[in-house]
Amino acid sequence: MVDQLIRKIKEMDNATVVGLDPRLNFVPEYIKESSYEKYGKTLKGAADAFYNFNKEIIDNVYDLIPAVKPQVAMYEQFGVDGLKAYIDTIDYAKEKGLIVIGDIKRSDIASTALAYSNGHIGRVEVEEEAFEVYKEDFITLNPYLGYDSIEPYIGNCNEYDKGLFVLVKTSNPNSGEIQDLIVEGEKIYERVGKLVAGWGEKSMGELGYSRVGAVVGATYPKQSTELRKIMPKTFFLVPGYGAQGATAEDLAGCFNKDGLGAIVNSSRGIIAAYTKEVYRKKFKDEEFGKAAREAVISMRDDLNRVR
Ligand SMILES: O=c1ccn([C@@H]2O[C@H](COP(=O)(O)O)[C@@H](O)[C@H]2O)c(=O)[nH]1
């Protein structure tokens, strides 16, 4: 899958991933009204509104971007209806030819990790039959439990050609509290970066990058530049551009000399673009998809200046 991701980035000339993180206050009233009419102001009504919102975003951007990243928390909080919207969103994105990165940040002991892995990127067996459940192409993982907690995912990655992005240096303000601590003469994020690079060595794609990628926040440009050197064959998923304040200039160090090696996420900056003053002047609420499209084009051009 890492090879397909690289091919799509080249084909689209775009290293943008659109984060599908719907919230009710981002969904225009006319969509919510229609869903509430069908299902009432219920969890099911909210989940239906999310799905219809996502479909409109996808319809307006699928020909410009390589991938989308639905954040499972946004759906999961609405229970089983929310999870259905998550799965339906993934199915729809894939129908439109998009690569799907499930931002699920899982972590547990190996026997439990295998269940997560089978459900998200592998197969779940019911007697003799095997089922694909969530069908993401990549998922995000937390490495805090060490290699035995990651191995079950690598097995499915190799078997089904899927991919992982393991948290290395996260974009949040307090990420340094643990990740920047110095242990045995190096920062924890550096050590984790080296481990992740090592874990990926036996999962290389044909185009020179590993199926085991890393999450590296755009909000820490110095650290991401260091990590790029430590992990030249690791693909980075880079959150933090836009709503969290990182700019294109902050991203330059995430890319290799070939302009590859990183895919940059923006969620609120794209899907809620129509709520911003600059787009409100041009687009009605019903045109929120067009505003998202313009925001994607602007992000693509911004990234292409620095990669
Ligand atoms: O270090 C991390 C890891 C993951 N995220 C996720 O990315 C998006 C960012 O959303 P924006 O609206 O573009 O800020 C969101 O799903 C986070 O959970 C991250 O921000 N930082």
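The values are calculated or read from the model by the stated rules, or taken from the named source; none is laboratory data. Keep in mind the model is a prediction, meaning the values are calculated, not measured. So basically every Cβ, Gly included, is an ideal-geometry build from the backbone, and we count neighbours across all protein chains shown.
List of remarks:
- Of the residues making up the range 148-187, those that are within 16 Å of the ligand (Cβ to nearest atom) and surrounded by fewer than 17 Cβ atoms within 10 Å (Cβ to Cβ) are Asn172, Pro173, Asn174, Gly176, Glu177, Ile178, Asp180.
- Test: residue in the range 51-71 that is polar (S, T, N, Q), over 19 Å from the mean Cα position of the chain (by Cα), closer than 24 Å to Ile150 by Cβ and in a helix (DSSP H, G or I): no
- If you go through the range 189-217 and keep only what is of a type in the set (Lys, Arg) and either within 14 Å of the ligand (Cβ to nearest atom) or not in a loop (DSSP other than H, G, I, E, B) (or both), you end up with Arg191, Lys194.
- Selection from the range 250-264 of residues that are under 15 Å from the mean Cα position of the chain (by Cα) and more than 13 Å from the ligand (Cβ to nearest atom): Gly261, Ala262
- Residue, surrounded by the fewest Cβ atoms within 10 Å (Cβ to Cβ), within the range 27-77, restricted to residues that are farther than 24 Å from Ile9 by Cβ and basic (Lys, Arg): Lys41
- Test: residue in the range 115-131 that is touching a residue at least 12 places away in the same chain (Cβ under 8 Å), exposed (fewer than 13 other Cβ atoms within 10 Å of the Cβ) and farther than 22 Å from Val68 by Cα: no
- Any hit, the range 218-239, residues being closer than 23 Å to Tyr51 by Cα, over 18 Å from the mean Cα position of the chain (by Cα), in a loop (DSSP other than H, G, I, E, B) and not aliphatic (A, V, I, L, M): no
- Cβ pairs under 8 Å, 6+ apart, first in the range 242-266 and at positive phi, second surrounded by fewer than 17 Cβ atoms within 10 Å (Cβ to Cβ): Gly242/Arg268; Gly261/Pro232
- Test result for Ser267, more than 30 Å from Glu33 (Cβ to Cβ) and buried (at least 17 other Cβ atoms within 10 Å of the Cβ): no
- Residue within the range 265-288 that is within 20 Å of the chain's Cα centre (by Cα) and assigned to a loop (DSSP other than H, G, I, E, B) present: yes
- Set Lys84, Lys69, Lys44: member being within 16 Å of the ligand (Cβ to nearest atom), of a type in the set (Lys, Arg) and at pLDDT 95 or above: Lys69
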